[in-house]
Amino acid sequence: MPQGIPDAPPLGESALRPGTFDGQTVLVTGGGTGLGKAIASEFARLGARIAIASRKEEHLEAGKAAMEELGAEVFATPCDIRDPESIGTAFDEIEGALGRPGVLVNNAAANFPVPAEDMSPNAWRTVVDITLNGTFFCAREFGRRHLAAGTHASIINVGASYAWTGGPGFAHSAAAKAGVKNMVETLAVEWGPYGIQVNGLVPGLMPHEDMTADIKGNLARTHDKDGCQPALRVGRPRELGWAATFLASPYGRFISGHTLVVDGANWQRRTLTNPTVVSVRDQMGKGPFGAE
Ligand code: HXC
Ligand code: NAP
């Protein structure tokens, strides 16, 4: 019987030396929940001061508490990444509290499953605005500050593998993530001469307790999530955190313009006889279009 890829080492372990990020500030957007919190935690374990920016007070509080538990200095500030002014204010506050972040993890994003024909213009606009525009606005603010100061820095944009494949049921998010991946390649070349690395980081299916009800509901339709993956298991959020810390570490310095996929090869899974096609409407238990 195939056993799949062995499970991840336990939480708390790291391939990098303790203190790798001592004295550095790392900003994680959406760092109070899910994968953002997992990424922030791995930087915190390695000595970084952590800044978290997102909209909701309860998420900021949760992120702050998690970092404090790890003994990290932390500053959490409200910010809507759709609003460049709000981003500027958040960066000023973070710089004042912890010093200028040398690493930006553009993790915040928006998503919900919806058949394309049911998607309102505002639903499309909202997801693209947060995921694509918000990611650029944060990168721009961060890049301009480092260009002005002449300092080395690292940006990591969190993506999704449907940037390459398309994402049935997620047309807005898939299109936005394709833009995010493309942005990595452009910015890495534009800003490389000034010492700024820009990379992408793509999680596979990494379930966590903070997933939105919409996404949880969508996933609940698949009972054996491990068995659906070539690795015969889903990913652990800490596995994304380890990849992020490596990319931003001194040992990842010559990696730029790359998007690293951490998904146990799930996105390449393909056979000539794929499972029978089920429409997105049917997958979501929706009736025929126009019948509602
Ligand atoms: C259809 C929906 C919808 C849904 C919202 N809308 N939810 N349409 N199905 N489930 C529509 C609304 O009706 C509205 O359009 C428009 O979207 C904006 O909705 P608001 O609620 O006003 O927006 P806002 O308050 O700004 O909230 C943004 C949000 C929300 C995206 C809708 O879900 C959010 O805050 N999400 C942040 C967290 C998140 O999405 N995490 C998932 C990341 S996971 P109308 O026309 O009515 O005005 C990920 C990859 C997962 O990205 C991969 C899967 C395994
Ligand atoms: P999540 O827990 O829902 O996190 C999304 C975060 O983004 C939240 O902390 C949210 O905080 C923040 N956010 C949303 N809109 C914002 C806005 N306008 N301004 C500022 N912050 C905003 O989702 P997740 O699963 O951890 O996802 C993290 C990243 O991984 C995303 O980029 C996602 O696309 C990607 N991803 C996840 C998976 C997975 O299996 N989990 C798979 C593929 C890709 P507030 O609500 O407080 O604003």
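The values are calculated or read from the model by the stated rules, or taken from the named source; none is laboratory data. On a predicted model such as this, the values are computed, not experimentally measured, just so you know. Here Cβ is always computed from backbone atoms with ideal geometry, including for glycine, and neighbour counts include all displayed protein chains. Only protein heavy atoms, including side chains, enter the accessible area calculation; ligands, DNA and RNA are left aside. Shrake-Rupley method; radii C 1.70, N 1.55, O 1.52, S 1.80 Å.
What longest range of the chain stays clear of loop-exposed trypsin sites (Lys or Arg not before Pro) (DSSP non-H/G/I/E/B, at most 12 other C-beta within 10 angstrom)?
Segment 57-220 is the longest.
In degrees from 0 to 90, rounded to the nearest 10, what is the angle of the helix 57-69 Cα long axis to the longest principal axis of the chain?
Orientation of helix 57-69: about 60 degrees from the principal axis.
Can you tell which of L70, I196, H146 lies farthest toward the positive end of the dipole of the chain, using +1 and -1 charges on the Cβ of basic and acidic side chains (Lys, Arg; Asp, Glu)?
It is I196, whose Cα lies furthest towards the positive end.
Mind checking the angle between helix 237-248 and the chain's longest principal axis? C-alpha axes, 0 to 90 degrees, to the nearest 10.
That helix lies at roughly 40 degrees to the long axis.
Would you mind pulling out the separation of the Cα centroids of region 51-79 and region 1-41, in Å?
So the separation of the two Cα centres works out to 16 Å.
Taking the Cα centre of the chain as origin, work out the dipole magnitude from +1 charges on Lys and Arg Cβ and -1 charges on Asp and Glu Cβ, in debye rounded to 20.
Rounded to the nearest 20 debye, it is 700 debye.
For a quick check of your reading of the filter: which GluC sites (Glu not before Pro) in region 119-216 sit in a DSSP loop and have no more than 13 other Cβ atoms within 10 Å?
Here the sparse-neighbourhood loop sites are E209.
Check the chain and count each lysine pair with an alpha-carbon distance under 15 angstrom, considering only pairs eight or more places apart or from different chains.
Final tally of qualifying lysine pairs is 4.
Grab the other residues whose beta carbon is less than 14 angstrom from that of V26, score K and R as +1, D and E as -1, and report the net.
So the surrounding residues net to 0.
Tell me the per residue accessible area of the chain using a 1.4 Å probe; a whole number in Å² is fine.
49
Just from its helices, what would the mean residue ellipticity at 222 nm be for the chain, if runs of 4 or more DSSP H residues each count -39500 (n - 2.57) and the sum is divided by every residue, rounded to the nearest 500 deg cm²/dmol?
Dividing the helical sum by the residues of the chain leaves -12000 deg cm²/dmol.
Using a 1.4 Å probe on the protein heavy atoms, what percent of the accessible area of region 186-292 belongs to carbon and sulfur?
Reported share for carbon and sulfur atoms: 58 percent.
Restricting to DSSP loop positions (anything but H, G, I, E, B) with no more than 15 other Cβ atoms inside 10 Å of their own Cβ, which chymotrypsin sites (Phe, Trp or Tyr not before Pro) remain in region 186-287?
F254
Between I215 and A231, what is the label-to-label distance in nm when each label sits 7 Å out along the Cα-to-Cβ direction?
About 1.6 nm separates the two model spin labels.
On a 0 to 90 degree scale, rounded to 10, what angle separates helix 171-191 from the longest Cα axis of the chain?
The two axes meet at around 30 degrees.
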